[in-house]
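The values are calculated or read from the model by the stated rules, or taken from the named source; none is laboratory data. Predicted model, so just to flag it, every value in this text is computed and none were measured. Backbone-built Cβ (ideal geometry, glycine too); neighbour counts: all protein chains shown.
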Amino acid sequence: MLHDPAYDPLWSAAGDLDFSIGIHEGGNSGMPTVGIDRFEGRGAQHIISHTMEMMLACMSMIWGGVCERHPRLRVGFLESGGGWVAPWLDRMDRHFDDQGFNDSGLKTRPSDLFRRNCWISFEPVEGSIKVLADYIGPNKILWATDYPHRDGFFPGAPQMIRDRLAGTSPQTQHQVLAGGAMGFYGLN
């Protein structure tokens with residue numbers, strides 16, 4: 001588990017060195033992967049493995065206390081789509097607020113920890129990017145061209161992102177297109 005105290009020296013060093021940590025699931029890594037035993041098709045297993053494993057990684061980093069213990073740590077959840085993050089943070093917040101379910105030991109709401117420590121990547125074809133920019137902040141979004149990649153890529157990705165953000169302010173567009181990456185990599 002990413003929140004195992006054995007990893008605390010790594011998280012401390014990353015924060016001390018101003019180093020970003022990108023988390024990426026690997027569906028064919030040979031490691032146990034949640035849910036893929038329920039489907040045989042490559043497509044279904046790819047959908048499940050990337051999204052559900054990243055949800056668990058996010059929960060481990062936030063609910064497991066890593067982000068709270070390491071306030072300077074920057075964590076990116078990569079190549080799993082981004083639309084899952086809003087309901088996931090809402091669910092963690094509801095359990096945080098409900099003392100009957102809050103077994104986390106956290107002092108800070110999960111959504112606040114995400115906004116302080118975390119970023120989420122989107123692919124240019126995702127329709128929820130505009131809504132999520134409002135929810136988590138446009139400066140917390142990374143986007144992927146996925147190039148080069150053996151199973152495809154998104155040519156013209158910057159324009160695809162601009163098209164998805166049509167009707168938003170120039171500031172929001174700048175934050176999604178550049179500000180999120182600059183913040184994640186400590187370039188601002």
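Some values worked out for this structure:
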| quantity | calculated |
| --- | --- |
| Test: residue in the range 77-97 that is under 17 Å from GLU123 (Cβ atoms), more than 15 Å from the chain's Cα centre (by Cα) and loosely packed, with under 14 Cβ neighbours inside 10 Å | no |
| Extreme residue, farthest from the chain's Cα centre (by Cα), among residues of the range 6-16 that are of a type in the set (A, V, I, L, M) and farther than 16 Å from GLY76 by Cβ | ALA6 |
| Condition broken by ALA181, with the remaining ones in (1) over 14 Å from CYS58 (Cβ atoms); (2) assigned to a loop (DSSP other than H, G, I, E, B); (3) under 13 Å from the mean Cα position of the chain (by Cα) satisfied | (2) |
| Qualifying positions in the range 7-25 - at pLDDT 95 or above and not hydrophobic (A, V, I, L, M, F, W, C) | TYR7, ASP8, PRO9, SER12, GLY15, ASP16, ASP18, SER20, GLY22 |
| Scan of the range 156-178 for residues that are small (Gly, Ala, Ser) and either under 21 Å from ARG72 (Cα atoms) or assigned to a helix (DSSP H, G or I) (or both), ordered by number | ALA157, ALA178 |
| Answer residue from the range 116-125, given it is under 14 Å from the mean Cα position of the chain (by Cα) and either crowded, with 17+ Cβ neighbours inside 10 Å or under 10 Å from MET160 (Cβ atoms) (or both) and is modelled with the lowest pLDDT among those | GLU123 |
